[in-house]
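The values are calculated or read from the model by the stated rules, or taken from the named source; none is laboratory data. Being a predicted model, the structure only gives us computed values, none of them experimental. Calculation scope for accessible area: heavy atoms of the full protein, side chains included, ligands and nucleic acids excluded. Shrake-Rupley method; radii C 1.70, N 1.55, O 1.52, S 1.80 Å.
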Amino acid sequence: NIRPSRPKPPRTWRRLSWLATRISAKPTPRRQWLALLDFGDHYRPFLEQKLGGAIDENSVCIARLRNGAPVAVFAFSGWHSGDIEGSLWCEPTGLSVRLLRCCAHYVFGQLGCNRITIKVRADNEPMLALAPRIGFKHEGVMRRANNGVDLVIFGLLSEECRWHGQQTETAETA
C-alpha cells in the first residue's frame, strides 16, 4: 500500500518561511545565515552610521547576519515610476548569492520595479569595484553631490539582473 507523498516546498523557501512571522524581530543565533526583512528602525540606523548619511525612514532593509550581527545590509527607498533607490553596506565577505537573489526577488518580483539605482561616493573604492561585479552598470556622476564629494550612479535593470528569475526565496518570506 503506497501512500502518495505531499510535495515539499523548495528548501530555500522553507528556510525563509520562518521570516514571515519574525519580521522586524531580532534573529536567534541558530539562524545566522538568514536575511531579515525589516520595516522598522532596527537596521536603518545601523546603515546610516556605516554609510555616514541619512536613509529614508520609510525604507525597507534586508540584512544578512552572521553570529547575530549584520554583515550586509541593503536599504530600498524612494520607489517611483518603476525605479527604486538602493543603499548597500557590506563586509568584505558579507554578500552571498542567496542575499542577492532575495533582494532581486523583493525589488523586481514583489514590488514590480524595473530598475535599482545606487549612488556610490567616488572615494569608496571597494564599492566602486563591487557594484559592477554584482551586475550594476555605471551610468554617470553627480559632481560634488555629497559634501563636496562626487557620487557615482549605478543602475541595474530587471532584465540584466542575473539574480532575478532563478529559483529564489519569495519576497513575502524574505
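Things to note:
- Taking only protein heavy atoms and a 1.4 Å probe, the accessible area of the stretch 33-165 is 48% carbon and sulfur.
- Cα shape, the stretch 33-139, gyration tensor, a/c 1.5 rule: rounded
- The residues of the stretch 56-109 have, on average, 40 Å² of accessible surface per residue, using a 1.4 Å probe with all protein chains present.
- Stretch gain in nm, segment residue 67-residue 149, where the contour uses 0.36 nm per residue and the Cα spacing is subtracted: 26.1 nm
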